[in-house]
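The values are calculated or read from the model by the stated rules, or taken from the named source; none is laboratory data. Since the model is a prediction, treat every value here as computed from it, not as a measurement. As a convention, Cβ positions derive from the backbone with ideal geometry for all residues, glycine included, and neighbour counts pool all protein chains shown.
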Amino acid sequence: MLNFLPASLRGVLSAMLLALNVLVCAPILLAFAVIKLLIPAKPVRRVVDRILNLIAERWVANNSAWIALAQRVSWHVEGVSQLRYRGWYLVESNHQSWVDIFVLQKVFNRRIPLLKFFLKQQLIFVPVIGIAWWALDFPFMKRRSEAWLKRHPERRGEDLKTTRRACEKFSLIPTSVMNFLEGTRFTRQKHDAQGSPYTHLLRPKAGGIALALNAMGEKFESMLDVTIFYPDGAPSLWDFMAGRVRRVMVFVNELPIPTHLIQGDYTSDPDFRAKVQAWVHDLWSEKDARLAQLRLQFAPNTVVPA
């Protein structure tokens, strides 16, 4: 434990260990990814994908090790005891900080299959890590506004094709598909600009989860509805690395996926779109109520980030 060190020094050491972890694991990932690229046969892909996921799980475990080394966090986690490592899950969560990703990876690592995030196309250019995400088949999505799609109707449906291609790969071995429904990190400023009807959440974007259900719904065993709560306020990544985070609470609720939402055209079918949005609204209303209760119980005086 490095709690005796100044926070700034702990932050520097954490950043160095994080970078070292990337530099050690990424080249190994890429070596096996090249094999998969050169020999795309399904039997080869199935074996190589398992190896890649094992390397990524080691990567996540290494991150959890420096987290434990740099700080003394009180973890309160509920709802993970019955999860299955060899299952297919659709996972969604509220989103407040870059720290959420480390939290989710620590909580779920080796309890369920490796989390595969839907990423913005631009993130593939992040040095080293972007190529590692590509090697692990993380789907890279091109976010198009409705106004842009109206000007270019021939490009409508591209994300669905991308999702289907990704999910075809995911269907070979157990996978967890992760989606932040809010699409961005919560701040009070974003909340007010959106006119969000929820107190502690941004408006959810149901399109991404609809795409995943359309492409892979019959494969998913269930959905994991995750609520992350920081009693002392949502931390920055630097706060986390510097050991300033004292409490993290994670609540996981395993839910069945409604069968009538597994197939449907979210883009072109207004009735189907309304059904998906109603389902997501119910999930978000319950999550908002839980966050309000948690804030009242554990952090009545916490200031929400601007």
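Number of residues in region 267-286 that are closer than 22 Å to residue 88 by Cα and out of contact with any Asp or Glu (no Cβ under 8 Å at 6 or more places or on another chain) equals 3.
For region 122-129, the condition holds for at least one residue, the condition being that it is part of a loop (DSSP other than H, G, I, E, B), surrounded by fewer than 22 Cβ atoms within 10 Å (Cβ to Cβ) and among the β-branched types (Val, Ile, Thr).
Applying the selection to region 202-211, what residues are surrounded by fewer than 19 Cβ atoms within 10 Å (Cβ to Cβ) and within 15 Å of the chain's Cα centre (by Cα)? Answer for region 202-211, where residues must be surrounded by fewer than 19 Cβ atoms within 10 Å (Cβ to Cβ) and within 15 Å of the chain's Cα centre (by Cα): just 205.
The rows are residues; the columns are (1) of a type in the set (D, E, K, R); (2) under 30 Å from residue 14 (Cβ atoms); (3) buried (at least 18 other Cβ atoms within 10 Å of the Cβ).
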site	(1), (2), (3)
192	yes, no, no
213	no, no, yes
221	yes, no, no
238	no, yes, no
260	no, no, no
268	no, no, no
295	yes, yes, no
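Here are 264, 233: which of them is surrounded by fewer than 19 Cβ atoms within 10 Å (Cβ to Cβ) and touching a Ser or Thr at 6+ places or on another chain (Cβ under 8 Å)? After applying the criteria, what remains is 233. From the list 252, 177, 245, 226, the lone residue that is in a strand (DSSP E or B) and at pLDDT below 95 is 177.
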